[in-house]
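Step one of this worksheet: look at the structure below.
The values are calculated or read from the model by the stated rules, or taken from the named source; none is laboratory data. Quick caveat, the model's predicted, so the values are computed rather than measured. Virtual Cβ from ideal backbone geometry, glycine too; neighbours counted across all protein chains shown. When the accessible area is computed, the model is the full protein with side chains, heavy atoms only, and any ligands, DNA or RNA have been set aside. Shrake-Rupley method; radii C 1.70, N 1.55, O 1.52, S 1.80 Å.
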Amino acid sequence: MERSRLKNIIIVILALVNAFLIFSLSIRHFSGQAARNRTVSELSALFRNDGVELNTDGLPDTLPPAGGTLTRDLAADKAAAVFLLSDVTDIRNEGGGIYTYSGSGGRATFRSGGSFDASGTLAGTGAETLCRKFCKTFGYEELAFSLDDSGSGTASAVQFFSGRPVINATVTFILENYTLISVSGIHLPSTFSAASGGGSMTAATALTRFLSARRESGAVVSAVTDVQLCYQLQGATASTVLLSPAWQITTDIGYYYVNCSSGLVSRS
């Protein structure tokens, strides 16, 4: 009998503890939501006073990921060269972090900092397919073609890292008569060493910095339609590339970027 009573008391205590935890979490959730609503309301008023319409639907409340360094991988450079040239028959170290690759399809040059270019007869029949396969294999997205009726023109795509675009890391393909004759852009290594801690700049702070920069520049912006996290390349040595998180702010006149480390506002 005593054991049964003790068991019931323990059950009641556990139920009360669970109820208290649920209540505490609910209070924290509603307090956080109230604070977010105040922030959104204040931002909207701030932008409205400057004559700028701010779309606050889906405004991110996450913090940026940590920045860090990407270490150059010569094997990855060679893999990209082989993909574009069909094979590699000669590799030369030109010094200064520059390597050239020659093959049956042409010639490719890879440099420290990630920039590269390749030229020759890289693909005849199936050139558009090769462009798509290159992007899928090496982490580019948002591929867009601009070709005329003769199959001549360009295509471009953006390098992604950890599911986010690296806004100043793009690749451009040049086609003539459905033949791929040139590829150039940025090819990021995949070995990443994160800096300690993550970024602390919120989307609200980034928007405030953007608005201040807009006032100083006098740019005629009438609407901000979206805010998303992205990455920027900040610098390079012979073996590493610095990757920094940033907020991409979409406006009616183009994109603005607020670097989460430096606070610098730039425009594409």
*Report residue 209's accessible area, 1.4 Å probe, all protein chains in place, as a number in Å² to the nearest 10.*
110 Å²
*For region 197-268: accessible area per residue (Å², 1.4 Å)*: 43 Å²
*Stretched out fully, how many nm does the piece from residue 179 to residue 136 gain, at 0.36 nm a residue minus the Cα gap?*
13.5 nm
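Run the numbers on region 163-268 and let me know its relative contact order in percent, using alpha-carbon pairs under 8 Å that are six or more apart.
Relative contact order, region 163-268: 23 percent.
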_Rounded, prolate or oblate, given the Cα gyration tensor of region 55-185, with a/c below 1.5 counting as rounded?_
oblate
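Efficiency by 1/(1 + (r/R0)^6): what FRET value for residue 205 and residue 162, r their Cβ-Cβ distance, R0 = 30 Å, to the nearest 0.05?
0.85
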*asked:* On a full-extension model of 0.36 nm per residue, what is the gain between residue 129 and residue 194, subtracting their alpha-carbon distance, rounded to one decimal in nm?
replied: 20.0 nm
*asked:* Rounded, prolate or oblate, given the Cα gyration tensor of region 190-268, with a/c below 1.5 counting as rounded?
replied: prolate
*asked:* At a 10 angstrom cut-off on C-beta neighbours, averaged per residue, how do the peptides 211-220, 259-268 rank from highest to lowest?
replied: 259-268, 211-220
*Just add up the charged neighbours of residue 173: K/R +1, D/E -1, any other residue whose Cβ is under 14 Å from the Cβ of residue 173.*
-1
*Difference of contour (0.36 nm per residue) and Cα-Cα distance, residue 149 to residue 75*: 22.8 nm
*Of 61, 252, which has the most accessible area and how do the rest follow, probe 1.4 Å?*
61, 252
